[in-house]
Each structure stands twice: as C-alpha cells, then as structure tokens.
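K.L.:
I'd like to ask you about the structure that follows.
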Amino acid sequence: MTTITANPSYRLDLTSSPHLHSRWSTKQAMWLVIAALIPSVVSALIYFGISQILIIFVCIFFAMGTEALIKFIRKREISILDGSAAITGLLLALILPPGFSPVFAAVGSVVAIGVGKEVFGGLGYNIFNPALVGRAFLQAAFPVQMTTWKINNYNIDSVTTATPLSMLKFDGKSTAFGNLFMGNINGSLGETSALAILIGGIALVIVGVVNYRVPLAMILGLMLFGGVFWLVDPVKFSSPVFHLFAGGFLFGAFFMATDWVTSPITAKGMWIYGLMISLIIIMVRLFGGLPEGVMYAILLMNAFVPLINRYTRPRIFGVKK
C-alpha cells in the first residue's frame, strides 16, 4: 500500500473574492494620479498666472475638510491621507475657469465630496465622478461665472475671452492647432494644454493606474464620429483633430472617464463606455446648444456602468448562455 505524504509546498489556499488585483494600492494610485496632474497644474500657472494656485488650494482644502467632517459625524475612520479627497479637489479646480471665485470653488468642493461621494457611502460606492458632480452643480448654480473666461496671460492680442469651442460654434472661427496643443488658449485651468495632459495621462497608462482601453476608445470614437461629419461637410463641421485637442476632451479621457469606481471593469465594457462618451460629445458639440459636452457625456455614461458591467461580464467556465 502506497502512503501519500502531504507536502506543504503543494498546499492550495482558497481565498475569498476579489481575485483580480492591481500592482498599486488605492492610496498609491491616488497619489500617482495627483503626480500625473502636476504638468497640467504647472501649465495653468504659466498661462493664467500664479494667483490661480488659490483656486487649487481652496478646492483641495475644502474637499479634504468636508470628507473629514462627514467621517467624524458618521464615526468612521478619517482617511483623508489616502489621497481620494485631495484628488477630487484638484480635479475640480482644474476644470474651473481661471479667476473663478474661491467662495464658489469651496461650495463646489463641498458638493463634490458630500453629494458626489459620501452620500453613497464613501470611496468605492459612488456612482458618479465626484469632481464632475461638483462642476455640474456649479454650472447650474453659477452659470455666468462658469462661462466667464479670463484672458490668457500670453498672446493677448490674438486670444479672445472665448474658448476655441465657443468661437467655433458661435462665431465660426477656428483656432491654430499649435495653440491648442501647447495651451495658449482660453479654457478651464487644466484643460487647455494638450501636451501637459498627454504627459500625465500617458504616464498613468504606462504604470498601470489607467487602463488604456477607455482613453483609446474615446479617441478612436471621436476621430470616427467627428470624422464622418467632417468628411460629409468639411466647411460646416470642424476636423476631428480640432475636437481632439479642443475643450476638455483629453482631460476627460485620461483623468475623468478612467476613474476606477465609476468606469466599467470589463474589457468589452470599457470599449463600449469610451465609444459612447465620444458619440455624446460629438452630438453635443455639433448639434447641441452648448459648445462642450464632456462633463455631461461622462456623467451620463457613469449611470450606465452597472448595466454595461452586467451584460459584458465574461462567461463563467462551464456555464452556457
């Protein structure tokens, strides 16, 4: 009779889900995103002045303070050093107009954390991107302030107080691609320089914090949907390259739509999610009453993420459809 001796090296450990893990912890990922936003912060200070640091500081301070206060009231562990509240404040600041009221910025930060995040239960439970929730509130509550653009510090003679998308939609005037790429235009603090956004965004993709599928799907979708209309009537509709660099598209593609909590977890779902966001953006920009639609497109698709995850999840091995 053969005796089988247990070998500890062949032990099979069974653990509970989830079984998918990232090389980065949530805290590490948050601070990596903050580091990736530094080029956009520097670009904002260069083009709009060092005084814009006040908006950034106010948004971060009130975002972290609101989260700490809510955690204290709910008798939960205060974990503001994990970077999640700080990144919400920083993202909100970078999608606000230069020279925006610090008081209104503080209100937006409180709404972003209180309504966009903590009302759902905190980190990991929110349905919508908190920073975009804060901006959507400010857009509805203070529309004039949110659409008033400070003249760029540089090239004042050729840069007006309107954004490139506004000039195209309402005046039929286009903007040079060089200015769009470098950031010598008017717009939200962190959205004007495509170069700064690409530096930070590509770095996040390389280190694995951002899945390449969402921004790539958005870029391909924008080129496809925008290109169709441009080919049909290049006089009436601007080129897809313009739509790629103008407005908040790139910032939304790399830093907003890729939020771990509010974006799909399946590969197929990410492609669907990114393509649909771009389709909505093109529809708003070309046929809507507003010049920009990135915020609305991402928030709308955030609502569909649970449905996308449900119908794109991989088939369990051995189970028939």
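K.L.:
Say each of Leu45 and Ile202 gets a label point 7 Å from the Cα, pointing the same way as Cα to Cβ; how far apart are those two points in nm?
P.N.:
Result: 2.4 nm between the two label points.
K.L.:
In the range 26-306, what is the count of Lys pairs whose alpha carbons are under 30 Å apart, counting only pairs at least 8 residues apart or on separate chains?
P.N.:
Pairs that pass both the separation and distance tests number 12.
K.L.:
Still on this structure, I have one more. Springs between alpha-carbon pairs under 10 angstrom, Gaussian network model over the chain: which of Ser79, Ser238, Ser109 fluctuates most?
P.N.:
Answer for the Gaussian network model of the chain: Ser79.
K.L.:
Angle between the Cα long axis of helix 213-232 and the longest principal axis of the chain, 0 to 90 degrees, nearest 10?
P.N.:
Orientation of helix 213-232: about 40 degrees from the principal axis.
K.L.:
Please give the contour-minus-distance gain from Arg74 to Leu54: 0.36 nm per residue of separation, less the Cα-Cα distance, rounded to one decimal in nm.
P.N.:
Extending this stretch completely gives an extra 4.2 nm.
K.L.:
Return the sequence-ordered ³J(HN,Hα) values of the range 182-195 in whole Hz as given by the Karplus equation 6.51 cos²θ - 1.76 cosθ + 1.60 applied to θ = phi - 60°, using x for Gly and Pro.
P.N.:
Using θ = phi - 60°, the values come out as 7, x, 7, 9, 8, x, 5, 3, x, 9, 7, 8, 5, 4 Hz.
K.L.:
Quickly estimate the mean residue ellipticity at 222 nm for the chain, helices only: each DSSP H run with n ≥ 4 gives -39500 (n - 2.57), and the total goes over all residues, rounded to 500.
P.N.:
-16500 deg cm²/dmol
K.L.:
Pick out which of Tyr212, Tyr273, Tyr125 has the largest mean-square fluctuation in a Gaussian network model of the chain, springs linking Cα atoms closer than 10 Å.
P.N.:
Of Tyr212, Tyr273, Tyr125, the Gaussian network model singles out Tyr125 as fluctuating most.
K.L.:
Right, next: Can you tell me which of Ser84, Ser239, Ser263 moves the most in a GNM of the chain? Springs connect C-alpha atoms under 10 Å apart.
P.N.:
Ser239
K.L.:
Another question, then. Can you tell me the length gained on complete extension of the stretch Lys236 to Arg310, counting 0.36 nm per residue apart and subtracting the Cα distance?
P.N.:
Stretched out fully, the Lys236 to Arg310 stretch lengthens by 22.7 nm.
K.L.:
Also, I was wondering about something else. Apply the a/c threshold of 1.5 to the C-alpha gyration tensor of the range 245-284 and tell me whether it is rounded, prolate or oblate.
P.N.:
Values: a/c = 2.65, a/b = 1.42, b/c = 1.86.
Taking the square roots of the gyration eigenvalues as a ≥ b ≥ c, the range 245-284 is oblate.
K.L.:
Can you tell me the 0 to 90 degree angle between the C-alpha axis of helix 53-73 and the longest principal axis of the chain, rounded to 10?
P.N.:
40 degrees
K.L.:
Shifting gears a bit: What residues qualify as long-range amide H neighbours of Val210, i.e. H under 5 Å apart, gap of 5 or more or another chain, H built at 1.01 Å from N?
P.N.:
Val205
K.L.:
Pick the calculated Cα Rg over 2.2 N^0.38 Å for this structure from (1) 1.14; (2) 1.10; (3) 1.02?
P.N.:
Computed from the coordinates, Cα Rg over 2.2 N^0.38 Å corresponds to (2).
K.L.:
Any idea what angle helix 84-94 forms with the longest principal axis of the chain, computed on alpha-carbon atoms, 0 to 90 degrees, nearest 10?
P.N.:
Tilt relative to the chain: about 20 degrees.
K.L.:
If I take every Cα pair under 8 Å that is 6 or more residues apart in the range 26-306, average their sequence separation and divide by the length, what percent do I get for the relative contact order?
P.N.:
19 percent
K.L.:
Moving to a separate point now. Which net charge results when you count Lys and Arg as +1 and Asp and Glu as -1 among the other residues whose beta-carbon is under 15 Å from that of Pro264? Each step should come with its number before you reach the end.
P.N.:
Details: positive: Arg213, Lys268, Arg310, Arg313; negative: Asp259.
Taking every other residue near Pro264 into account, the sum is +3.
Where a number appears in this text, it was derived from the coordinates with a stated rule and is not lab data. For clarity, every value in this text was computed on a predicted model and none was experimentally measured. As a convention, Cβ positions derive from the backbone with ideal geometry for all residues, glycine included, and neighbour counts pool all protein chains shown.
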